[in-house]
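Worksheet: the structure to be examined is printed underneath.
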Amino acid sequence: MRKRLLWTLLMLPVVAFGRVVNVDYYGKEVKVHFADTKMVKVKKDKDSKIKKCITWLEVATYETLKDCQEAKRDMALCDWAYVKLLDKVSEKVLGNGNEAVIMMAVLMDRSGFDVRLAGDGAKKVALLFRSDALSIGTYKSVDVDGKRYFVYGDLAKEPQVKDMPRHQGQAVSLKMERELDIKGFYADIPQFNYSDGTNRERMLLALPVAEAMVKDMKSQVDGMKQMNAIKQLQNTVNFYYEEDQRPTMLYRLVRDVLGLQVESVLHQGQQVVGVCVTDDDNVEGDYVVKDGMHYVIIK
């Protein structure tokens, strides 16, 4: 009986006492544990060093992975948001070198995603992740075994794919289906293009505005005439968001805060918002008509 118990204990993952790392994730603090074991440094694109680093990190990140998955559940993060979390965690723990890239690959692989590592043949290592998107912003893509992988990192030369121990995981989904209570995250969403025409703009519209933000804005415009309230929301959007993001965010705020009918309108070559104002029939300015409803152009 004692021998069986001892054997069971020996088979459990060996995790050294480590440290707690506080990671700033778009204004939210995420605490992760990381085992303090001797680091395996990867200064060059060398297969033997990469494999040793993977072996080390599989042990060192045993608790880290559990912390990251718990944060994913607590914040209801979509796949892409989770990828960004693992990126920030890896950078905070190991800096911005090859070791952090490999750590992110290990965490993604053990989270169930289809990832690989690639090198530039000299010093740098980058992560490859599989997605069904046709393109993602300025990310380069490479076909491996008939599957498309995107290069998450900066390699000056053509990626040289590494042979790494990995699970056959799933593709990273980039569709936003759950609330993300992190305003700063919006600005980091790259342009996604799919064969069905889905793009960044449509996905931003599908994301619910954080409840706290809606509640705050409702208190600010309570009792205002609709056009005055719209102007107030527009001022907020103009202050916090870049010009190319403003039509989308104004659309979302008018819809979610005021509950009015809104349309995205191409007006004089620009993407603007059309709002169906219901408390004033004599609003001045340009408008469009759809299904018998008048939408005032807000620009």
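The values are calculated or read from the model by the stated rules, or taken from the named source; none is laboratory data. Owing to the predicted nature of the structure, the values given are computational and were not obtained by experimental measurement. Please note: Cβ atoms are built from the backbone with ideal geometry, for glycine as well, and neighbour counts cover all protein chains shown. Accessible surface areas use protein heavy atoms only, side chains included; no ligands, DNA or RNA. Shrake-Rupley method; radii C 1.70, N 1.55, O 1.52, S 1.80 Å.
Structural remarks
- Around the amide H of Tyr152, modelled in the peptide plane, lie the amide H atoms of Leu127, Leu128, Phe129, all under 5 Å away and 5 or more residues distant in sequence or on another chain.
- The string of couplings for the stretch 130-139 from the Karplus curve (6.51, -1.76, 1.60, θ = phi - 60°) is 8, 8, 8, 6, 6, 7, 9, x, 9, 5 Hz, one whole number per residue in order, with x for Gly and Pro.
- Relative to the current alpha-carbon distance between Gln270 and Val214, full extension at 0.36 nm per residue lengthens the span by 17.5 nm.
- Selection from Trp56, Leu85, Val106, by position along the positive dipole direction of the stretch 45-135 (Cβ): Trp56
- Sequence-distant lysines (8 or more away, or on other chains) whose Cα lies within less than 27 Å of Lys28: Lys66, Lys72, Lys84, Lys88, Lys92, Lys175, Lys183, Lys215, Lys218
- Counting only DSSP H runs of at least 4 residues, each contributing -39500 (n - 2.57), and dividing by the residue count of the chain, the helix-based mean residue ellipticity at 222 nm comes to -11000 deg cm²/dmol.
- Nonlocal amide H pairs with Gly18, under 5 Å, H built at 1.01 Å: Asp36
- Database remark: amide H of Phe113 closer than 5 angstrom to the amide H of Gln170 (H placed geometrically; neighbours at sequence offset of 5 or more, or on other chains; Pro and chain starts carry no H).
- Note on Lys225 and Gln69: the model spin-label points, each 7 Å out from Cα along the C-beta direction, lie 5.7 nm apart.
- Cα shape, the stretch 217-265, gyration tensor, a/c 1.5 rule: oblate
- Relative contact order of the chain, defined on C-alpha pairs under 8 angstrom at six or more residues apart (%): 12 percent
- Just the protein heavy atoms count here, and of the accessible area of the chain at 1.4 Å, carbon and sulfur take up 48 percent.
- Modelled spin labels at Asp24 and Asn199, positioned 7 Å past Cα toward Cβ, are 3.3 nm from each other.
- Candidate values (i) 31, 22, 18; (ii) 31, 27, 19; (iii) 46, 23, 15, label of the one derived for semi-axes √(5λ) of the Cα gyration tensor in Å: (iii)
- Between Gln168 and Leu134, the contour length at 0.36 nm per residue exceeds the alpha carbon distance by 10.2 nm.
- Magnitude of the charge dipole for the chain, about its Cα centre and with charges confined to Cβ atoms of Lys, Arg (+1) and Asp, Glu (-1), is about 2000 debye.
- Three-way shape call for the stretch 42-177 based on the alpha-carbon gyration tensor, with the a/c threshold at 1.5: oblate
- Highest-first arrangement of 252-263, 237-248, 76-87, where packing means the average Cβ count within 10 Å: 76-87, 252-263, 237-248
- Lys147-Ser48 FRET efficiency (beta carbon distance; Förster radius 30 Å; 0.05 resolution): 0.70
- 3J(HN,Hα) couplings calculated from phi for the stretch 87-99 with the Karplus curve 6.51 cos²θ - 1.76 cosθ + 1.60 (θ = phi - 60°) are, in sequence order, 4, 5, 5, 5, 5, 5, 6, 10, x, 10, x, 4, 4 Hz; Gly and Pro show x.
- Solvent-accessible area per residue, Å², over the chain with all protein chains present [probe radius 1.4 Å]: 56 Å²
- Distance from the stretch 269-285 to the stretch 92-112 (C-alpha centre basis), Å: 48 Å
- Dipole of the chain computed with +1 at Lys/Arg Cβ and -1 at Asp/Glu Cβ about the Cα centre; of Val257, Tyr240, Val277, farthest Cα towards the positive end is Tyr240.
- Net length gained if the chain between Lys41 and Lys290 were fully extended (0.36 nm per residue, minus Cα distance): 83.5 nm
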